[in-house]
Each structure stands twice: as structure tokens, then as C-alpha cells.
Amino acid sequence: MSSHREAPEVSKDPVADNTDVYAFVSPDKPSHVTLIANFIPFQNPQGGPNFYEFGDDVLYEIKVSNSGTAGEADVVYRFRFETRIRNSRTFLYNTGPITSIYGPQWNRPQRYTVTRYEKGKGWATLAEGLGCPPVNVGPRSTPDYEKLAAQAVHRIAGGRTVFAGQRAEGFHVDLGSIFDLGTLRPFQMAHLIPSATAAGVNGTQGLNVHSIAIQVPKADLTADHRTPRDVDDAGSVIGVWATASRQKTRVLHTGKGGSTATGPFQQVSRLGNPLFNEVITPMAEKDAWNSVPPEGDSAYAGYVARPELARLLPALYPGVFPRLAAYKKNRADLLAILLTGIPKGVVPGFQNYTGANQADMLRLNMAVPPAKKPNPIGLVAGDAAGFPNGRRPVDDVVAIELRAVAGATIPLVDPSFTPDDATAGLTDGTSNTNPPFLDEFPYLGTPAGGYQTSPGTADGAA
């Protein structure tokens with residue numbers, strides 16, 4: 001999974017668990033960039049009576065680095081939420097069909113404020129009192145969910161558009177097999193503990209997340225406030241990551257429930273590139289990684305240069321990756337992709353280099369136009385508008401990163417290396433079997449409804 005329950009402490013705090021970050025030039029509005037940060041993983045659509053919502057006590061931020069030190073926030077979009085209870089005498093989430101996000105039938109509405117920080121200028125409030133949609137309860141409670149979601153798409157100051165609310169999970173991965181000793185079902189006949197080849201199983205199918213999405217003019221993100229047009233220009237590249245923070249002190253109230261938080265905010269979750277903390281950072285350091293800014297990620301560069309997964313693949317699939325097993329150099333390809341961006345000259349006609357400082361961020365060259373026919377394998381397949389040039393919802397980041405770790409990208413920096421034959425087709429065998437993506441903002445699909453979704457069946461058989 002990209003960053004769902006990726007560290008011990010944040011796995012106990014799902015409302016602050018940052019699951020996926022996306023940054024891409026908007027395909028239907030190429031003068032703008034869309035930034036999305038997802039939180040609250042593995043949402044069961046039937047999760048009432050206390051359905052999922054953003055935390056009023058969590059500070060949610062999407063951060064952008066556009067000059068100076070990579071991993072240092074030059075622009076920040078901050079989201080703060082406030083929840084109210086309309087009728088304190090009922091246990092119900094809604095007291096009738098919800099036909100408007102501002103209607104009285106929704107008993108627990110959420111509103112939020114958006115503020116923006118720019119280095120040298122400080123903070124400015126962009127909008128207040130913006131409404132979230134409810135969750136997708138079912139056809140009686142939320143009879144026209146698409147309409148409710150559309151009401152929660154807000155045009156705000158500066159040509160910006162925002163949305164905050166429940167969406168369908170867009171990330172797909174075979175969780176059940178990957179964490180069963182690194183099994184890839186399409187290749188499990190070659191596993192150290194073999195079994196018959198099988199199709200991948202999407203472990204996030206039918207689940208939802210909560211998304212914070214903002215679409216802004218490209219000039220909102222550049223250091224000189226110009227719209228980037230030259231792919232070779234360093235000013236066309238931004239770094240993007242998202243964070244969740246909590247106040248350091250929490251006091252529980254005896255006899256009346258609830259708590260009060262005080263003190264300065266401390267970051268408890270962050271995410272830039274998918275799967276970084278998930279499969280690169282060792283277990284003992286995951287919580288520490290979540291608590292620090294990316295500008296200091298040189299401390300974790302050794303795990304990128306010599307990734308554990310690159311050693312596991314030849315061990316778990318004997319004889320399948322002999323060239324990878326024999327490669328003993330530091331992984332300069334992964335260091336570039338994940339920590340510095342790709343310099344000019346490595347991929348013809350492309351770069352997203354942010355300097356020598358190593359920082360885990362999505363790096364987006366905003367001068368690259370959207371692809372007319374996006375390839376889910378992104379840059380590796382010749383689609384420069386896709387991951388690791390930012391990240392689009394359609395990008396199959398599991399397959400991309402599996403192939404990269406297995407050696408597909410080594411020849412970019414070391415032409416003497418030839419990847420193993422299996423590398424080009426490496427995949428977990430899944431595709432997006434969740435609701436389809438939208439063609440317009442906020443792009444992620446309509447969340448699965450509680451009434452409409454059939455729970456899975458438990459089967460302990462091999």
C-alpha cells in the first residue's frame with residue numbers, strides 16, 4: 001500500500017494517517033495543477049453509526065518546495081476542520097435523506113477553513129466555512145451522492161478550487177499477497193514457497209478514503225509567480241508532500257468524555273513518494289521518519305541506495321533476478337528518482353531535478369503537458385506526464401516501483417547493466433477495480449456506499 005498504516009504509531013491514529021499524495025497538471029485545465037492528499041485508510045463503507053470524518057484536532061497541510069533547499073516548504077495550503085452536532089438527542093448520523101450539504105437532515109456536518117502560506121509573505125486566509133459532503137451512507141440517506149459531492153467543490157480566491165470529503169480509494173495493490181512473504185501472484189510459481197500462478201487481488205477494492213484536494217494556477221506554485229513553459233527550466237519543477245500534525249499535549253476529561261489538546265503542533269505523518277516509508281525505511285525508524293521534514297532525508301539515503309527489497313527479490317524468487325543479485329553498486333537511479341529528481345540528460349527531453357539536497361517529495365515538472373492517452377506505467381513507459389513526474393490517480397505506482405527496484409531504471413545511470421528478463425513485466429497483477437476516476441476535479445471516484453456494498457467473505461483455506 002502506498003502509505004496506509006505504514007508506521008506503528010500512525011497506524012493507531014487513522015484520522016492523521018496520510019495514505020496517498022497526488023500532484024499533476026490538470027488534464028482538463030492544463031493552466032492549473034491539482035494537489036491531492038488522502039487520509040483515513042481502509043474505510044469500511046458500512047462504518048456507522050459513527051462514520052468517518054476529518055479530525056478537528058488535526059492540522060492538515062499540503063506543502064510545496066519551489067526554490068532554495070529541496071524539502072523546505074515555500075508554499076503551504078493548510079486545512080482546519082470544525083464539526084458540529086445539530087441534534088444532541090439522537091444517535092443518528094442523519095435524520096432523513098440528505099439532499100444538501102447544508103441541509104438540517106445531516107446531523108454531524110463538517111466545515112473547514114483554507115489558509116495559504118508563502119515564504120516572505122506569511123499566512124493568508126483563502127476561504128472559511130466551506131462545506132464537506134457527508135459520507136455515502138446509502139440510497140435513502142444520500143440519494144444523489146454525486147450531487148452532494150458537486151456541492152462540496154468550492155471555487156475560492158485566486159482562481160483556486162477545493163474539495164474535502166470522502167472519495168473512493170484510487171490506489172490498488174495486492175496487500176494479501178505482498179505481505180505474505182513478498183508474494184506476487186502472477187509470478188508465485190517461481191517463489192521460494194511456490195504455488196500456481198494466479199491473478200492479483202486488489203486489497204483496497206470497495207474501500208474509501210478522505211481526500212483534501214486543491215486545484216491552483218501554476219503561477220501559484222512557482223517562486224517567481226510565472227507560468228512555467230520550458231521543461232529544461234529549473235523553475236518549472238516543484239516538490240510536493242503532505243503532512244498531518246497534532247498538538248503535543250492531550251488532556252482526557254474525567255466523567256464527561258472527550259479531550260483538550262494544547263501546545264505546539266508536532267508532525268505525526270508525512271508522505272511524498274508512494275511507498276517510501278512503507279518499504280524503504282526500516283521498522284524501527286518509521287515513526288521518526290514521519291515526525292521530521294523531508295529536507296533532512298539524507299539520513300535515510302542509505303536505505304534508498306541499498307534497498308532491502310532489491311535484496312529480497314532474488315532471495316524470494318531464486319534464479320529469476322540473477323543480474324540484480326550480482327549488482328553491488330549504490331542505486332544511483334533510485335536516489336535520483338526518490339530523493340533529488342532526475343537531472344537533465346538522463347531521460348531525453350525531461351528533467352525534474354530540484355538540486356543536490358536529498359528529500360522525499362513528489363517532483364512535478366509543470367511545463368510537461370498532460371498526456372492525451374495516459375500510460376499507467378508513467379515515465380518508465382515514455383509518458384513524461386506520469387510518475388515519477390508527479391503522480392496521477394491513474395499511475396500504477398506499485399508496478400512502476402517494483403520494476404524500478406528490480407533494476408529497470410539502472411541503465412539510465414549505468415548503461416553497462418542489463419535488467420533481468422522478468423523485470424519489464426513485473427506487477428502485483430492488480431488494476432483499479434474501485435469506482436472509476438472522474439474526468440474533472442476532484443478526479444477520484446464516487447465513494448462506495450454503505451448500503452450498496454457487500455462485505456467480503458472470510459475464507460481461511462489455502
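Laid out as a table, the results:
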| item | result |
| --- | --- |
| Residue within region 23-37 that is closer than 26 Å to PHE91 by Cβ and open to solvent by less than 40 Å² (accessible area, probe 1.4 Å) present | no |
| Tally, over region 385-399, of residues that are hydrophobic (A, V, I, L, M, F, W, C) and either in contact (Cβ under 8 Å) with a residue 60 or more places away in the chain or touching a Gly at 6+ places or on another chain (Cβ under 6 Å) (or both) | 4 |
| Pairs, first within 18 Å of ILE40 (Cα to Cα) in region 266-280, second hydroxyl-bearing (Ser, Thr, Tyr) and open to solvent by 30 Å² or more (accessible area, probe 1.4 Å), C-beta under 7 Å, six or more apart | GLN267/SER291; VAL268/SER291 |
| Those strands (runs of 3 or more DSSP E) lying entirely in region 149-254 with at least 3 residues touching a helix residue (DSSP H, G or I) at 6+ places or on another chain (Cβ under 7 Å) | 237-252 |
| Failed criterion for PRO314 (all others in (1) within 24 Å of the chain's Cα centre (by Cα); (2) open to solvent by 10 Å² or more (accessible area, probe 1.4 Å) hold) | (1) |
| Selected residue (criterion: farthest from the chain's Cα centre (by Cα)) from residues of region 317-360 that are small (Gly, Ala, Ser) and more than 22 Å from ASP421 (Cα to Cα) | GLY345 |
| Close pairs (9 angstrom Cβ cut-off, 6 or more residues apart or separate chains): free of Cβ contacts under 8 Å to residues at least 24 places away in the same chain and open to solvent by 50 Å² or more (accessible area, probe 1.4 Å) in region 320-340, in a helix (DSSP H, G or I) and not hydroxyl-bearing (Ser, Thr, Tyr) anywhere | ALA326/PRO314 |
| Considering residues of region 285-311 that are among the aliphatic types (A, V, I, L, M) and under 30 Å from PRO194 (Cα atoms) only, the residue surrounded by the most Cβ atoms within 10 Å (Cβ to Cβ) | VAL304 |
| Filter result for ALA124 (within 29 Å of ALA70 (Cβ to Cβ) and in a helix (DSSP H, G or I)) | no |
| Extreme residue, farthest from TYR52 (Cα to Cα), among residues of region 81-114 that are open to solvent by less than 80 Å² (accessible area, probe 1.4 Å), in contact with an Asp or Glu (Cβ under 9 Å, 6 or more places away or on another chain) and without any contact (Cβ under 8 Å) to a residue 40 or more places away in the chain | THR113 |
| Residues within region 46-72 that are modelled with pLDDT under 95 and within 14 Å of ASN208 (Cα to Cα), tallied | 3 |
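The values are calculated or read from the model by the stated rules, or taken from the named source; none is laboratory data. Given the structure is predicted, the values throughout are model-derived calculations rather than measurements. Ideal geometry is used to build each Cβ from the backbone, glycine not excepted, and the neighbour counts take in all protein chains shown. Keep in mind that these areas ignore ligands, DNA and RNA; they rest on the heavy atoms of the full protein, side chains included. Shrake-Rupley method; radii C 1.70, N 1.55, O 1.52, S 1.80 Å.
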